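A short write-up of the structure that comes next.
The values are calculated or read from the model by the stated rules, or taken from the named source; none is laboratory data. The structure presented is a predicted model; accordingly, all values stated were derived computationally and were not measured. Glycine gets a Cβ as well: all are built from the backbone with ideal geometry, and neighbour counts include every protein chain shown.
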């Protein structure tokens with residue numbers, strides 16, 4: 001069996017200031033759990049890819065037919081775009097880390113993520129981030145359709161709605177992926 005760490009990557013998704021500010025305070029513990037996953041990945045030599053929602057000045061990528069992003073375009077202007085896109089400082093992003101901008105919900109949307117994963121011979125994705133019903137679900141579906149093996153870190157994902165988060169972890173993702181806590185995932189890498 002191939003060493004699990006050599007073909008695995010940790011995706012840290014939408015852990016940026018402009019999105020985390022909308023998360024209720026009691027859900028912000030997810031930042032610490034994602035940092036734990038990052039630290040484990042670094043110790044085991046698992047590549048970490050930071051995926052964030054990012055646009056050009058003026059938001060030319062967003063048109064009025066996309067209701068969710070059009071509303072965001074109206075509230076985020078060019079002057080606050082860099083702060084919106086800033087990754088949370090508690091994650092410990094390092095020089096040389098790969099940061100990929102996406103244009104829609106899925107981590108694969110409008111960027112080079114799939115190309116980078118294939119160039120690194122990555123076949124197993126470990127998903128973490130905010131929100132479970134947004135980027136995690138969208139990325140899960142896209143990655144599943146691309147035949148990636150999947151692990152979802154249940155306590156390193158969060159959603160504004162806990163019932164939705166639990167439904168996804170216990171009913172939607174299960175059977176198609178490994179659902180682990182950060183500590184359970186760490187134990188699989190020993």
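What to note about this one:
- First in region 171-182 and closer than 17 Å to residue 34 by Cα, second anywhere and assigned to a loop (DSSP other than H, G, I, E, B), Cβ under 9 Å, 6 or more apart: 179/173
- Filter pass, residue 108 being buried (at least 19 other Cβ atoms within 10 Å of the Cβ), under 30 Å from residue 57 (Cβ atoms) and at pLDDT 95 or above: yes
- Residue within region 152-169 that is part of a loop (DSSP other than H, G, I, E, B) and either in contact with a strand residue (DSSP E or B) (Cβ under 6 Å, 6 or more places away or on another chain) or over 23 Å from residue 30 (Cβ atoms) (or both) present: no
- Single match in 143, 177 (criterion: under 28 Å from residue 21 (Cα atoms), buried (at least 19 other Cβ atoms within 10 Å of the Cβ) and in contact with a strand residue (DSSP E or B) (Cβ under 6 Å, 6 or more places away or on another chain)): 143
- Scan of region 48-61 for residues that are in a loop (DSSP other than H, G, I, E, B) and either on the phi > 0 side of the Ramachandran plot or crowded, with 19+ Cβ neighbours inside 10 Å (or both), ordered by number: 54, 55, 58, 59
- Per-region count, region 133-163, residues over 19 Å from residue 113 (Cβ atoms) and within 17 Å of the chain's Cα centre (by Cα): 6
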